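Trainee: Handing you a structure now.
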Amino acid sequence: MSGIARRIGAWWPPMAAGVITGLFWLFGSAKELWYSERFVMVVSARPWVAMFSLLKFENNPPLWFVIARVWQLIAGTSETHARLLTLLITWCFLVALWRCAREMTNTSTARRAVLMASVAAFIVLQSVEYRMYALVMLWSVIAMYSAWRYAQQSVGRSLVTLTIVNVLGWYTHYTFAIVLIVTWAWVLWFQRTHWRAIAASIAAT
């Protein structure tokens, strides 16, 4: 029975993705781009040099525009295809949330977290808007998961992942500084004994 439960549990991320996909096509596909979305589309449609020239006057970091530019080269410039980018990112967010919640708590909590996230109004909204906030959510979950893994297991690879994701998050949106501060504070707090030992050995020399 436990094997069946595990197999069913493994389907929760795609099931949640299916729910959010349905909501996307129901609410997002017929919705016109508003000013901020249109700005992203117009700027990212320019050649690379022209795009970065325009970004000098933009308040947000450039990473989202770079990703949007690459996506337009792959998928085209229609409004529906543009919004598919944030939908795909939201799918990745749900999978990352599932993995994070399952390892930090248990499978039952992970199921509830993913299911609630798949119908949460804010997350559904970000999955249909051609803006960077779905990507910020993804980076945030990966950063918290990496910080937790390093704090619990001192896995060096997790620290490298945390550093890379924090840089990517910072270049996606400046409010990611909150996540950056929290994750590194978490790492330093849970590893305070380790750092004290390093400081003591340095002082002894």
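Trainee: Working carefully through the options 168, 138, find the one that is in contact with a Cys (Cβ under 7 Å, 6 or more places away or on another chain), at pLDDT 95 or above and surrounded by 13 or more Cβ atoms within 10 Å (Cβ to Cβ).
Mentor: So the residue among 168, 138 that is in contact with a Cys (Cβ under 7 Å, 6 or more places away or on another chain), at pLDDT 95 or above and surrounded by 13 or more Cβ atoms within 10 Å (Cβ to Cβ) is 138.
Trainee: Another question, then. Quick one: in region 152-164, which of the residues that are of a type outside the set (Val, Ile, Thr) and either free of Cβ contacts under 8 Å to residues at least 24 places away in the same chain or buried (at least 19 other Cβ atoms within 10 Å of the Cβ) (or both) is farthest from residue 190 (Cα to Cα)?
Mentor: 157
Trainee: What are the residue pairs meeting all of these: first residue in region 80-105, first residue touching a residue at least 40 places away in the same chain (Cβ under 8 Å), second residue of a type in the set (D, E, K, R), Cβ atoms under 7 Å, and 6 or more apart or on different chains?
Mentor: Listed pairs, sorted by first residue: 86/129.
Trainee: Of the residues that make up region 97-114, is at least one open to solvent by 70 Å² or more (accessible area, probe 1.4 Å), modelled with pLDDT of 85 or more, among the aliphatic types (A, V, I, L, M) and under 20 Å from the mean Cα position of the chain (by Cα)?
Mentor: Within region 97-114, one or more residues are open to solvent by 70 Å² or more (accessible area, probe 1.4 Å), modelled with pLDDT of 85 or more, among the aliphatic types (A, V, I, L, M) and under 20 Å from the mean Cα position of the chain (by Cα).
Trainee: From the list 167, 124, 141, exactly one residue is outside any loop (DSSP other than H, G, I, E, B), within 30 Å of residue 35 (Cα to Cα) and without any contact (Cβ under 8 Å) to a residue 12 or more places away in the chain. Which is it?
Mentor: Within the list 167, 124, 141, the selection yields 167.
Trainee: Does region 118-135 contain at least one residue that is modelled with pLDDT of 85 or more, surrounded by 21 or more Cβ atoms within 10 Å (Cβ to Cβ) and under 29 Å from residue 191 (Cα atoms)?
Mentor: So far as region 118-135 goes, yes, one or more of its residues are modelled with pLDDT of 85 or more, surrounded by 21 or more Cβ atoms within 10 Å (Cβ to Cβ) and under 29 Å from residue 191 (Cα atoms).
The values are calculated or read from the model by the stated rules, or taken from the named source; none is laboratory data. Since the structure is predicted, the reported quantities are computational estimates derived from the model, not experimental observations. So basically every Cβ, Gly included, is an ideal-geometry build from the backbone, and we count neighbours across all protein chains shown. For accessibility, only protein heavy atoms count, side chains too; no ligands or nucleic acids. Shrake-Rupley method; radii C 1.70, N 1.55, O 1.52, S 1.80 Å.
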